[in-house]
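Here, each number is a calculation from the coordinates, and none is a lab measurement. The model shown is predicted, which means the values in this text are computed figures rather than measured ones. Don't worry about glycine lacking a Cβ; one is built from the backbone with ideal geometry, like all the others, and counts go over all protein chains shown.
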Amino acid sequence: MKYFIVTYGCQMNVHESEKLASICEKMGYELAEKREDADLIVFNTCAIREGAEERVFGNVGALKKLKKKKPSLIIAVCGCSTQKESTANYIMNTFPFVDIVIGTFNMPNFEAYVNAVKTGRQMELLKEGEIDEQIPYKRTSGDNAWVNIMQGCNNFCTYCIVPYVKGREKSRSEENILKEIREVLAEGKYKKITLLGQNVNSYGKDLVPSVSFAKLLKDICQIEGNFGLTFMTSHPKDLTDDVIDVIAKEDKILKEIHLPAQSGNNRILKLMNRKYTREKYLDIIYKIRTAMPNARITSDFIVGFPTETEKEFEDTKSLIEEVGFDGIFAFMYSPREGTVASQMEGQVDDLVKKRRVNELLTLEKKIQKNKKNN
Ligand code: SAH
Ligand code: SF4
Ligand code: F3S
């Protein structure tokens, strides 16, 4: 019996799939080379933009023929996209050959859903869940080991679906994180540890007693061994001076920071509920560069947020030029059902968004070329 997992979305999903893989192997399934060879196919989905969801629908739909040829094939769809009831229902109704539809919070119980398929199709969406500390990971990322430090997000940026599908911020205990990293390093295969969370800078605020992200970083660096430590993603509103200090001081921490700005215009940042201004963002960049002149700084930007004018978009371009990032990701704003921004007046035309995203990519190429020549 063989399994195959198709993963969409962010590194957290990639890591979540490492847990699904270990559940499948515990059940006696072996990894298939391609989906056609599998007896169990799992889609671990992402809801961040419409494009991500449409790809899932297309790929699930394409399995109809395979299921006809092999009726015993079990097909499961899980993750952020199916955590939304509307999408879960859509999949149940549109693809009658899908056996299991579950959300993010049901995933630790994946084995039970597979076992119950004998009795019929399974659909269940738990509302919120504790962080699972029991199921091991089947690590699949070479000499990098992902280590989850928290789940969920409390920020409710007005464009973003994550708080709705991942729940509120919950931090793992520092003890469990340190134990996992010690065990991972003891295997001798891993040279890099990447800490994961939607907003790692607010790590530990929910713990009693609370633990700061800076302390967690410092304590991880005390662990013996040769390894590089990095993390994602930082939110500018919470990237405090003590975190910048620790990154600068600790040799084990890689000097690279992904710090999504989203926009360079204060009115848009406010509408996005990002809780910082362009000036505050530039101030943090200045502090990072002062402490670590060679730090690699990257960012994310959204173009075509509702009501964004041409002039406001120019502010994003000027911010990108001013910082001279080492890399950026640029996204066209995608309205997500249930979020505040999707209800705003003044949605921007797709053609305008496309043009703006292309302008950012051209600008990004120019910056990288100039960096190489200098
Ligand atoms: N937690 C991280 C980002 C998670 S999502 C943070 O706060 O930075 C990764 C990126 O997707 C975001 O930085 C944002 O640029 C983009 N994104 C999120 N929602 C989006 C939407 N509705 N449309 C377009 N891009 C979006
Ligand atoms: Fe989404 Fe904002 Fe949370 Fe990032 S911080 S996951 S963009 S709500
Ligand atoms: Fe997508 Fe969920 Fe990550 S929506 S970006 S897979 S947290």
With DSSP loop assignment and no more than 13 other C-beta atoms within 10 Å, the GluC sites (Glu not before Pro) in the stretch 151-252 are Glu187, Glu224
Of all the Cα-Cα pairs you can form in the stretch 141-254, what percent are over 24 Å apart? 24 percent
Are there any helices in the chain, counted as whole DSSP H runs, that stretch 30 Å or more along their axis by Cα and score at least -1.0 on average by Kyte-Doolittle, and if so which? none
By how many nm would the segment from Thr298 to Asp132 grow when fully extended, if each residue of separation counts as 0.36 nm and the alpha-carbon distance is taken off? 56.7 nm
Note on the chain, DSSP bridge orientation, antiparallel percent to nearest 5 equals 5 percent
For the chain, one quarter of the surface area of the C-alpha convex hull, expressed in nm², comes to 19.5 nm²
Low-density loop positions, trypsin sites (Lys or Arg not before Pro), the stretch 189-255 - DSSP coil, at most 14 other Cβ in 10 Å: Lys189, Lys191
For the chain, size of Cβ-based charge dipole, Lys and Arg +1, Asp and Glu -1, in debye: 820 debye
Placing +1 at every Lys and Arg Cβ and -1 at every Asp and Glu Cβ, with all other atoms neutral, what dipole size does the stretch 2-119 have around its Cα centre, in debye to the nearest 20? 420 debye
With labels modelled as points extended 7 Å from the Cα through the Cβ direction, what inter-label distance (nm, one decimal) is found for Thr94 paired with Asp245? 5.2 nm
Among Gln368, Phe301, Asn266, whose Cα lies farthest out toward the positive end of the dipole of the stretch 260-374, if unit charges sit on the beta carbon of Lys, Arg (+1) and Asp, Glu (-1)? Gln368
√(5λ) per eigenvalue of the Cα gyration tensor, the stretch 277-367, largest first, Å: 26, 15, 11
Please give the length that would be gained between Glu187 and Val208 if that part of the chain were fully extended, namely 0.36 nm times their separation in residues minus their C-alpha to C-alpha distance (nm, one decimal). 4.4 nm
Counting DSSP beta bridges with both ends in the stretch 141-254, the antiparallel % (nearest 5): 15 percent
Starting at the first residue of the stretch 325-340, write each ³J(HN,Hα) from the Karplus equation 6.51 cos²θ - 1.76 cosθ + 1.60 with θ = phi - 60°, in whole Hz, x for Gly and Pro. 4, 8, x, 9, 10, 10, 10, 7, 4, 10, x, 10, 3, x, 8, 4
Förster radius 22 Å - calculated FRET efficiency between Glu322 and Lys369, Cβ distance, rounded to 0.05: 0.80
Specify which residue in the list Thr119, Trp146, Ile177 is farthest towards the positive end of the charge dipole of the stretch 72-219, using unit charges on the beta carbon of Lys, Arg (+1) and Asp, Glu (-1), about the Cα centre. Trp146
Report the extension gain between Thr362 and Gln11 in nm, rounded to one decimal, defined as 0.36 nm multiplied by the number of residues separating them, less their alpha carbon distance. 123.7 nm
The stretch 101-168: GluC sites (Glu not before Pro) in DSSP loop, at most 15 other beta carbons within 10 Å: Glu128, Glu130, Glu133
